[in-house]
């Protein structure tokens, strides 16, 4: 299984490096399509995460077929990927706290209880990178039959998380009922590429 996971990661990284740029958001060039696990993923939407009036990162959502609803995105079959390209320096602690706060606001207590160990382990991933610099790219990827993983600048960080419910909980940070940024939610759901 390790060899196949490495092969999947390598194909993901190589595919990202060889696709043509088609969309630009805040100076960040985004590919119209990327490859993940032998599947072409399409840019569903992209936008800027603002905190107060500061630009924090550009988020881009890739799925196999474009969807404009939360349920459509959460239930679409196949790999999924969210890329966050940093627009400013940020401590990994601050980003880790923001991730966990977003999860808490968009999952109920029972769901969090089922996924507690995965959330704890995911939160610890941020401690392996002291800070994120402008231009760094965080990718959270779901691969069926493999799980969710986090990559920073194309390098896998930490373990793989097996449950699709975990990936969907992370995804709801941006597209859930209480998204981190409502405008960004609308853009990720196809309202602003």
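Throughout, read-outs are computed from the coordinates displayed, never taken from laboratory work. Everything numeric in this text was worked out from a predicted model, so none of it was measured. Virtual Cβ from ideal backbone geometry, glycine too; neighbours counted across all protein chains shown.
For the pair residue 104 and residue 128, label points projected 7 Å from Cα toward Cβ lie 2.4 nm apart. Exposure proxy ranking for 122, 54, based on other Cβ atoms within 10 angstrom of each Cβ and starting from the fewest, stands as 54, 122.
How high is the relative contact order of region 2-191, in percent, counting Cα pairs under 8 Å that sit 6 or more residues apart?
Across region 2-191, relative contact order equals 21 percent.
Where in region 60-92 does the label zone of residue 111 land, with the point 7 angstrom along Cα→C-beta and an amide N cut-off under 16 Å? What the label zone holds, given the 16 Å backbone N cut-off, is 69-76. One decimal place: the segment residue 52-residue 64 gains 1.1 nm when fully extended, by the rule 0.36 nm per residue minus the C-alpha distance.
Considered as an equivalent ellipsoid built on the Cα gyration tensor, region 2-191 has semi-axes of 21, 20, 18 Å, the largest given first. Dividing the helix sum by the residues of the chain, where each DSSP H run of 4 or more adds -39500 (n - 2.57), gives a mean residue ellipticity at 222 nm of -11000 deg cm²/dmol. This ranking places 100, 150 by how few other beta-carbon atoms lie within 10 Å of each, fewest first, which gives 100, 150. Each of 141, 129, 52, 73 was scored by other Cβ atoms within 10 Å of its Cβ. Listed from fewest to most, they are 52, 129, 73, 141.
The stretch between residue 159 and residue 177, if pulled fully straight at 0.36 nm per residue, gains 3.7 nm over its current Cα-Cα span.
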